[in-house]
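Here the structure is laid out as structure tokens; the discussion comes afterwards.
Each value in this text was obtained by applying a stated rule to the coordinates, not by laboratory testing. None of these values were measured; they are calculated from a predicted model. Cβ placement follows ideal geometry from the backbone for every residue including glycine, while neighbour counts extend to all protein chains displayed.
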Amino acid sequence: MSRKQNNVAEVAQVAEIEQVEQTNEVVETSGTEQLITTSQEQPVEQVVEVEQPKYDVEALMSEHKTKSAVIRYLDSQGMTRGAIAKVLNIRYQHVRNTLVQPLKKKG
């Protein structure tokens, strides 16, 4: 490379570094340059709680014959398994097993 080409290349590098310095920080360590990107914006975490409708457990138990029937009813209303377990104050596994197990045919 000729001397003129070296100068043009150095000017281009300096111009790039100046552009980078506007948004980033350039740190020189032992003759080499390292680019450290810093962000001024903090990520925003937003938790949205979906309110589940309130169910009267006593009324549901009197309306349906078994706890399994109540579980199936609440599932048909779109409640998650975890929400059903909380409403009925039972374990998640009980809800899951009830919903996975097919209904027995009356014979």
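Distance between the modelled labels on residue 45 and residue 58, one decimal in nanometres: 4.0 nm (7 Å Cα→Cβ projection).
The residues neighbouring residue 88, those whose beta-carbon lies less than 14 Å from its own, together hold a net charge of +3 under the Lys/Arg +1, Asp/Glu -1 convention. On full extension, the segment bounded by residue 92 and residue 68 gains 7.4 nm, given 0.36 nm per residue less the C-alpha separation. Summing +1 for each Lys or Arg and -1 for each Asp or Glu among the other residues whose beta-carbon sits under 15 angstrom from that of residue 65 gives +2.
Placing unit charges on the Cβ atoms of the charged side chains and taking the dipole of segment 57-100 about its Cα centre, the candidate lying farthest along the positive direction among 94, 68, 84 is 94. Applying both filters, DSSP loop and at most 11 other Cβ atoms within 10 Å, to the GluC sites (Glu not before Pro) of segment 50-102 gives 51.
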